Amino acid sequence: MTLAGSRLRQVGWAVVLAAVVGLFVALSFQVHSVKSEVLLAERELIRLERETMMLETEFQARANQRQLSNWNAVEFGLQAARPDQYIENERQLAAYGGDRAPTAPSPIRVAVAQIPLEGSGATQPRAMVSPVSGKPVTLAAVNTPDAATTFAEALGEFVAEASPIRPAQARTFLSAEAAE
């Protein structure tokens with residue numbers, strides 16, 4: 001009997017274990033389905049919040065249009081454009097422009113043209129000309145040190161402040177480089 005009872009106990013435990021595993025799988029599926037419903041609900045909430053923000057923005061824009069319309073009518077005296085105020089093509093637009101001066105250069109030009117110097121292979125840049133009057137334009141000259149000198153001086157001061165050993169040599173070395 002002990003052998004049959006032991007065998008019966010093993011089968012019983014196997015059945016109980018199978019039932020527990022089955023319940024665990026069913027519960028796991030239930031949890032996943034609830035989790036997926038929660039994610040869908042969150043997505044729907046986000047979609048509804050975005051739609052609400054869009055509608056609120058549209059409402060505010062329309063309210064501002066009404067206010068702007070009132071301001072235009074009362075304070076500024078502005079009106080919508082009439083059909084006769086629209087132009088039909090580019091020629092009608094060009095008719096509103098003024099005539100150029102007779103000595104003015106053509107409106108389409110190369111930004112920088114090189115003019116060859118007579119007798120040598122070198123070139124010089126073309127003089128700047130006003131597009132309205134056609135007269136040469138002179139720019140004011142500004143005395144600025146070149147970038148290499150400015151950089152060398154700044155680097156010399158930095159090295160001199162950072163190096164406690166030989167600050168005088170660092171300044172001498174950089175000032176000799178700047179002279180080149």
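For the reader, a short list of remarks on this structure follows.
- ILE108 being modelled with pLDDT of 75 or more, assigned to a loop (DSSP other than H, G, I, E, B) and of a type in the set (A, V, I, L, M, F, W, C): no
Residues checked against (1) of a type in the set (D, E, K, R); (2) in a helix (DSSP H, G or I); (3) exposed (fewer than 10 other Cβ atoms within 10 Å of the Cβ):
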{"position": "LEU3", "(1), (2), (3)": "no, yes, yes"}
{"position": "ARG7", "(1), (2), (3)": "yes, yes, no"}
{"position": "VAL15", "(1), (2), (3)": "no, yes, no"}
{"position": "VAL21", "(1), (2), (3)": "no, yes, no"}
{"position": "SER28", "(1), (2), (3)": "no, yes, no"}
{"position": "HIS32", "(1), (2), (3)": "no, yes, no"}
{"position": "SER36", "(1), (2), (3)": "no, yes, no"}
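- Only one of TYR86, TYR96 that is among the aromatic types (Phe, Trp, Tyr) and within 30 Å of SER130 (Cα to Cα): TYR96
- Residues of region 75-98 that turn out to be among the polar types (S, T, N, Q) and either surrounded by 10 or more Cβ atoms within 10 Å (Cβ to Cβ) or closer than 22 Å to GLN65 by Cα (or both), as a count: 2
The values are calculated or read from the model by the stated rules, or taken from the named source; none is laboratory data. Quantities reported herein were computed from a predicted structural model and do not represent experimental measurements. Positions of Cβ are backbone-derived with ideal geometry, glycine not excepted, and every protein chain shown enters the neighbour counts.
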